[in-house]
Structure formats: C-alpha cells, structure tokens
Amino acid sequence: MRNRIAFAIVLTGLILSANGQWLNYPDPRTPRTPGGKPNLTAPAPRAADGKPEVILMGTGSEVALCVAAYEQLKAEGIKARVVSMPSWDIFEKQSAEYKKQVLPPAITARISVEAASTFGWSQYVGPTGKMIGMHRFGASAPIKDLLKKFGFTAEKVVEAAREAIELSK
C-alpha cells in the first residue's frame, strides 16, 4: 500500500505545507475505500445517512469549517455530506464511478469553501451551487476578524447551503 502511494507521489509531485493557525480538523486519518485503499480525495468523516441534500466541499483548514456547518445543518434536520478535496488533480484522475460516488450528479446543492480564490470551483458546485471564497486581495487584522469579515464562518456556510438547496429544487 505504501509503495502505491509513494509511486503516485513520484509521478505527480508532493507539496508539504505548514499552517500558522491551530486547526480543529475532524479526523487526521486518511479516508479509505471499501477495499481498504486510501482515498486521497474523499468524503470526510461526516455524512448524512442516506442521500444528502447538500454537499459541503473544502480544502485543508476549510474542511473544519464545513464540518461545523454540517453539525448545524444536522441539528436542523438537513442532510449534508462533507467532502475534503485537497487536490483537484488527484480527484480528476479517479474513475468516473468514484467521482460520481463522491459528488453524485443528482445532488446539485453544493457549497465550496476556499480561503483563497473561488476560481475553478464552479466546475464542482455547478449552476445551483455557492462558492465561499476571496474575491479581492488583502486585509490585515487578527485572523478571527478576517474570517468573519470575509464570510468564513459556519453560519455563512449554513446560509449558503440553505440557498443552494432552494435553488436545486
């Protein structure tokens, strides 16, 4: 198993990055397929029983924000799925069947959360989805103030999820 992962890294490259903030990431373990293979882009360990009404997608630290929104939606009786998508390239190299399992075409209420630009996310959220991300450059303040100012809150993700669900009906 490790050899397959190492071989994939040799072929595609590897970036290790550090984050200067404390993250409340939901689960550090790599998600697995039913056959035990690691999924490098897969649903995070938060998913509704049955068919979700909305899919919340994030990269890196944004996944924790999606999980917080998931918990709020769950409390409201809204079925959601959280998808960790750290690499579009790796996701696109997966089989069509796998991609449909992660992002079922029938679920068109989709939210992307990206602290960087929203550029590129439209291919995953579709016409009824919502993108939460930066639309301009620069600001300087304590991180908590900036996150709130730019809409990186669980409440904003929940609001976007409700809107996307309504649009998808």
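Quick one: in segment 123-156, which of the residues that are charged (D, E, K, R) and over 13 Å from S112 (Cα atoms) is surrounded by the fewest Cβ atoms within 10 Å (Cβ to Cβ)? Quick ask: steps written out before the conclusion?
Just the residues of segment 123-156 that are charged (D, E, K, R), to begin with: 130, 136, 144-145, 148-149, 155-156.
Pick out the ones that are also over 13 Å from S112 (Cα atoms) and you get 136, 144-145, 148-149, 155.
Details: R136: 7, K144: 11, D145: 11, K148: 13, K149: 11, E155: 12.
Selected residue: R136.
Restricting the search to segment 78-89, which residues are outside any strand (DSSP E or B) and within 13 Å of G50 (Cα to Cα)?
I78, K79, listed by residue number.
Looking only at segment 109-118, how many residues end up being surrounded by fewer than 19 Cβ atoms within 10 Å (Cβ to Cβ) and polar (S, T, N, Q)? Please lay out each step first, then the result.
Restricting attention to segment 109-118, the residues satisfying the condition of being surrounded by fewer than 19 Cβ atoms within 10 Å (Cβ to Cβ) are 115-118.
If we keep only those that are polar (S, T, N, Q) too, we end up with 117-118.
Residues in segment 109-118 being surrounded by fewer than 19 Cβ atoms within 10 Å (Cβ to Cβ) and polar (S, T, N, Q): 2 in total.
Among the residues of segment 90-108, what is the count of those that are exposed (fewer than 13 other Cβ atoms within 10 Å of the Cβ) and assigned to a loop (DSSP other than H, G, I, E, B)?
Number of matching residues: 3.
Residues to consider are I55, I78; find the one that is surrounded by 12 or more Cβ atoms within 10 Å (Cβ to Cβ), in contact with a Leu (Cβ under 9 Å, 6 or more places away or on another chain) and either within 23 Å of W121 (Cβ to Cβ) or at pLDDT 50 or above (or both).
Going through I55, I78 in turn, just one is surrounded by 12 or more Cβ atoms within 10 Å (Cβ to Cβ), in contact with a Leu (Cβ under 9 Å, 6 or more places away or on another chain) and either within 23 Å of W121 (Cβ to Cβ) or at pLDDT 50 or above (or both): I55.
Are any residues in segment 116-152 within 17 Å of V83 (Cβ to Cβ), part of a strand (DSSP E or B) and out of contact with any helix residue (DSSP H, G or I) (no Cβ under 8 Å at 6 or more places or on another chain), and if so, which ones?
In the first step, residues of segment 116-152 are kept if they are within 17 Å of V83 (Cβ to Cβ); the result is 118, 120-126, 128-133.
From what's left, part of a strand (DSSP E or B): 130-133.
Matches in segment 116-152: G133 only.
The values are calculated or read from the model by the stated rules, or taken from the named source; none is laboratory data. Because the structure is predicted, anything quoted here is derived from the model rather than measured. Neighbour counts run over all protein chains shown; Cβ positions are idealised from the backbone, glycine included.
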